[in-house]
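*Asks:* Mind having a look at this structure? Questions to follow.
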Amino acid sequence: MLKLGVNIDHVATVRQARYRNSEQGEPSPVQAALSCEQAGCYGITAHLREDRRHILDRDIWSLKEALKIPLNFEMANTSEMVGIAIKLLPASVCLVPEKREERTTEGGLDVAGGFESLKPFVSTLKDNGILVSLFIEPSEKQLEAAASLNADIVELHTGRYCDTEGTARDAELKRIIHAAGVAEGLGLECHAGHGLTFDTVTPIAEIPSLVELNIGHFLIGEAIFSGLDLSLIHISEPTRLLSIS
Ligand code: PXP
């Protein structure tokens, strides 16, 4: 069975839009993660960005404490983040490129180009019993570099596949299918994610060598539509705000 990991950064983005300098505020990413756990998802991903724009340090620690399912700690390959990871001891770390000006993780990690700088970080994480995942473009060069680095997992970036249409999307899907096969051949556990929706997920979920998909933004957005009517009912029942019977 294909595992589903849910990225809950997007819940924290909503919270931070209102409560940027506050110790509290809703919605809670931890509560969202627990709902996903209860619904049967395999794991939770949270990205502690260097600028702390959504997930905060306290969220990461609370997630680690509250969750029974695996926590995948997404982070940039910096000494600060590796320091946090080896104290936190999540089930896995997903290393991603990080640019301040981007809205979300744009493009994969250049494992081949950054091989020497990644090497000590990857071995420190692995020495501490943390599985290391590298978020990469579906390219053989990056896969071979990931295998040489002794990574446990690669997560293939599906952003370009989701952002294109027609023949361009078909070509990108072929690239992802090929890369997933190459990853398996190199002994790397293969995950995929970014930008997946009801419309785009099916052909990706059919790739046999994929073990896990990570989905965030679309699921959190959809939750508005499957939950807003209930929120209205819950606020109305004790207050008689609406005449919902
Ligand atoms: N995987 C990684 C490494 C990501 O950075 C993201 C972004 O949140 C995702 C998966 C999920 O992408 P999305 O939120 O677009 O579903």
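*Asks:* Go through the stretch 233-242 and give me each residue that's of a type in the set (A, V, I, L, M), part of a helix (DSSP H, G or I) and farther than 16 Å from residue 27 by Cβ.
*Replies:* Within the stretch 233-242, 233 is the sole residue that qualifies.
*Asks:* Also: Exactly one condition in (1) within 16 Å of the ligand (Cβ to nearest atom); (2) within 26 Å of residue 70 (Cα to Cα); (3) of a type outside the set (A, V, I, L, M) is false for residue 161; which is it?
*Replies:* (2)
*Asks:* If you go through the stretch 105-122 one residue at a time, how many are within 16 Å of the ligand (Cβ to nearest atom) and open to solvent by 60 Å² or more (accessible area, probe 1.4 Å)?
*Replies:* 2
*Asks:* So is residue 199 within 16 Å of the ligand (Cβ to nearest atom), open to solvent by 80 Å² or more (accessible area, probe 1.4 Å) and touching a residue at least 24 places away in the same chain (Cβ under 8 Å) or not?
*Replies:* Details: within 16 Å of the ligand (Cβ to nearest atom): yes; open to solvent by 80 Å² or more (accessible area, probe 1.4 Å): yes; touching a residue at least 24 places away in the same chain (Cβ under 8 Å): no.
It is false that residue 199 is within 16 Å of the ligand (Cβ to nearest atom), open to solvent by 80 Å² or more (accessible area, probe 1.4 Å) and touching a residue at least 24 places away in the same chain (Cβ under 8 Å).
*Asks:* If you check residue 173 against the conditions, is it in a helix (DSSP H, G or I) and either open to solvent by less than 30 Å² (accessible area, probe 1.4 Å) or more than 12 Å from the ligand (Cβ to nearest atom) (or both)?
*Replies:* Answer is yes for this residue.
*Asks:* Which count do you get for residues in the stretch 176-187 that are buried (at least 17 other Cβ atoms within 10 Å of the Cβ) and touching a Leu at 6+ places or on another chain (Cβ under 7 Å)?
*Replies:* Number of matching residues: 5.
*Asks:* Name the residues in the stretch 216-230 that are within 16 Å of the ligand (Cβ to nearest atom) and part of a helix (DSSP H, G or I), would you?
*Replies:* 217, 218, 219, 220, 221, 222, 223, 224
*Asks:* Any idea which of (1) open to solvent by 20 Å² or more (accessible area, probe 1.4 Å); (2) within 15 Å of the ligand (Cβ to nearest atom); (3) at pLDDT 95 or above; (4) in contact with a Pro (Cβ under 9 Å, 6 or more places away or on another chain) is the one residue 90 doesn't satisfy?
*Replies:* Answer for residue 90: the failing condition is (1).
*Asks:* Condition test on residue 208, is it in a loop (DSSP other than H, G, I, E, B), surrounded by 21 or more Cβ atoms within 10 Å (Cβ to Cβ) and without any contact (Cβ under 8 Å) to a residue 60 or more places away in the chain?
*Replies:* Values: in a loop (DSSP other than H, G, I, E, B): yes; surrounded by 21 or more Cβ atoms within 10 Å (Cβ to Cβ): no; without any contact (Cβ under 8 Å) to a residue 60 or more places away in the chain: yes.
No, not satisfied.
Rundown of residues vs (1) in contact with a strand residue (DSSP E or B) (Cβ under 8 Å, 6 or more places away or on another chain); (2) modelled with pLDDT of 95 or more; (3) not basic (Lys, Arg), yes/no style:
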| residue | (1), (2), (3) |
| --- | --- |
| 175 | no, yes, no |
| 187 | no, yes, yes |
| 192 | yes, yes, yes |
| 204 | yes, yes, yes |
| 218 | no, yes, yes |
| 223 | no, yes, yes |
| 230 | no, no, yes |
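For (1) of a type in the set (A, V, I, L, M); (2) open to solvent by 60 Å² or more (accessible area, probe 1.4 Å); (3) at pLDDT below 95, each residue gets a yes or a no:
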position: 5; (1), (2), (3): no, no, no
position: 8; (1), (2), (3): yes, no, no
position: 30; (1), (2), (3): yes, no, no
position: 34; (1), (2), (3): yes, yes, no
position: 49; (1), (2), (3): no, no, no
position: 65; (1), (2), (3): no, yes, no
position: 68; (1), (2), (3): no, yes, no
position: 76; (1), (2), (3): yes, no, no
position: 83; (1), (2), (3): no, no, no
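*Asks:* Of all residues in the stretch 128-147, how many are closer than 24 Å to residue 178 by Cβ and open to solvent by less than 60 Å² (accessible area, probe 1.4 Å)?
*Replies:* Qualifying residue count for the region: 13.
*Asks:* Another one. In the list 213, 125, which residue meets the criterion of being open to solvent by less than 60 Å² (accessible area, probe 1.4 Å), in contact (Cβ under 8 Å) with a residue 40 or more places away in the chain and within 12 Å of the ligand (Cβ to nearest atom)?
*Replies:* The unique qualifying residue is 213.
*Asks:* Now for a different question. Using the structure shown, decide if residue 178 is over 18 Å from the mean Cα position of the chain (by Cα), within 28 Å of residue 30 (Cα to Cα), assigned to a helix (DSSP H, G or I) and more than 16 Å from the ligand (Cβ to nearest atom).
*Replies:* no
The values are calculated or read from the model by the stated rules, or taken from the named source; none is laboratory data. Since the structure is predicted, the reported quantities are computational estimates derived from the model, not experimental observations. Backbone-built Cβ (ideal geometry, glycine too); neighbour counts: all protein chains shown. Calculation scope for accessible area: heavy atoms of the full protein, side chains included, ligands and nucleic acids excluded. Shrake-Rupley method; radii C 1.70, N 1.55, O 1.52, S 1.80 Å.
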